[in-house]
Amino acid sequence: MSQLHQVALTFVKNIGPTLAKSLVSYFGSAEGVFNAPRSKWLKVPGIGGKTVEQMDMGAALSRAEEELKFIEKNNVEVVFYTDGRYPKRLKNCNDSPVLLYAKGNANLNSRHIISVVGTRNATEYGKHLCKQLIEELQPYNVLIVSGLALGIDVAAHKECLKLNLPTLGVLGHGLDRIYPSQNRSTAEKMVENGGLITEYPSGTIPDRENFPQRNRIVAGIADATIVVEASIKGGALITAEIANSYNRDVFAFPGRIGDDYSEGCNFLIRNNKAALLTGAADLAYILGWEKADNTKPVVEQLLLPIDLSTDELLIFDILRLHKTPLPIDDLTIKTNMATSKLAMNLLNMEMQGYIRSLPGKTYCLC
């Protein structure tokens, strides 16, 4: 597939990511799109006569040629959405970019990816939470994603660099600049362990409207988004809303009532738009992660249910025999217990660390 045509596709007037993907799907490749006669373009769903009239394929190819010079000179990688390296989590989002420009060595399909977002006006409380979170996430081999903005974003990136944890910055402009400029040295270090990505070509300035667009990549590329500290208005809450729309987990640290930069987090938790987070253990527990250094084989004898009641032992044995988590409705049938009694037993077992509850009211052994 021609890289020139892949890049040029993003420069065609009135063609956004969704339509670009439809065209590639219809014609087989980006090159096929450019080689197709205009009459065939009109057969593509979503393409009308007016759109075809306004397309200037020659101008798009010329602009792409210039961009390829920048790409080659600055060691930039072009990641088209049909490439294997394209982030699979992001690919599942219907409005994901058709193409990304990347620098660095980050694995965009790491086993565990978390996005950390928050206010540009981070308080000492927020910075402390950020530091504590990154330290606790280190044993899980996580790629930490953020937006390289002032405040919580850059605090997360810097903490990753200190701990030698890979971190990825998603930019709202081209790779020919760093905004804000005071984050340049951090960005340069990130390229050595992690990297920078953007959907914007060189020459794109950091316009205000680019950042909400950038936030969909931050939300879509990760397993979950964590809001560390945020006011009621701002990019962090937009990112959380986008993550929710993608059916991704969202977590937020609670803050004191009345604190401006805790108001957004408390709002998300209060309205069930984010799960309350007190540390990385909560996150790992809900997402079902195991620490990277946990090499001990799981042996059933390690769990000795000597302090369980007869009813709890019954539940334990049922869950032990089923290798997959069981919904509470199935447990009600298998145990022949009243739902209220079962729920109380499950809660006791969870408090003692024998079982864990998973999304969808399902349960499994720890």
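The values are calculated or read from the model by the stated rules, or taken from the named source; none is laboratory data. As the structure is a prediction and not an experimental result, all values here were calculated from the model. Please note: Cβ atoms are built from the backbone with ideal geometry, for glycine as well, and neighbour counts cover all protein chains shown.
Of note:
- Condition check for ARG111: free of Cβ contacts under 8 Å to residues at least 40 places away in the same chain, surrounded by fewer than 21 Cβ atoms within 10 Å (Cβ to Cβ) and in contact with a strand residue (DSSP E or B) (Cβ under 7 Å, 6 or more places away or on another chain): no
- One residue stands out in region 61-76 among those that are without any contact (Cβ under 8 Å) to a residue 60 or more places away in the chain and surrounded by fewer than 16 Cβ atoms within 10 Å (Cβ to Cβ): the one that is farthest from the chain's Cα centre (by Cα), namely SER62.
- Qualifying positions in region 325-366 - over 33 Å from the mean Cα position of the chain (by Cα) and among the polar types (S, T, N, Q): THR332, THR335, ASN336, THR339, SER340, ASN345, ASN348
- The set of residues from region 11-48 being more than 25 Å from ASN94 (Cβ to Cβ) and part of a helix (DSSP H, G or I) comprises ASN35, ARG38, SER39.
- Under the condition of being of a type outside the set (Phe, Trp, Tyr) and in a helix (DSSP H, G or I), the residues counted in region 92-148 number 15.
- Pair list, Cβ < 8 Å and 6+ apart or interchain, from region 181-204 residues that are outside the structural domain of VAL145 (by TED's automatic domain parsing) to residues that are hydrophobic (A, V, I, L, M, F, W, C) and surrounded by 13 or more Cβ atoms within 10 Å (Cβ to Cβ): none
- Residue that is modelled with the lowest pLDDT [pool: residues in region 279-296 that are over 20 Å from ILE355 (Cβ atoms) and loosely packed, with under 14 Cβ neighbours inside 10 Å]: THR295
- GLY58 surrounded by fewer than 13 Cβ atoms within 10 Å (Cβ to Cβ) and modelled with pLDDT under 90: no
- Selection count where residues are over 25 Å from ASP207 (Cβ atoms) and assigned to a loop (DSSP other than H, G, I, E, B), scope region 153-181: 4
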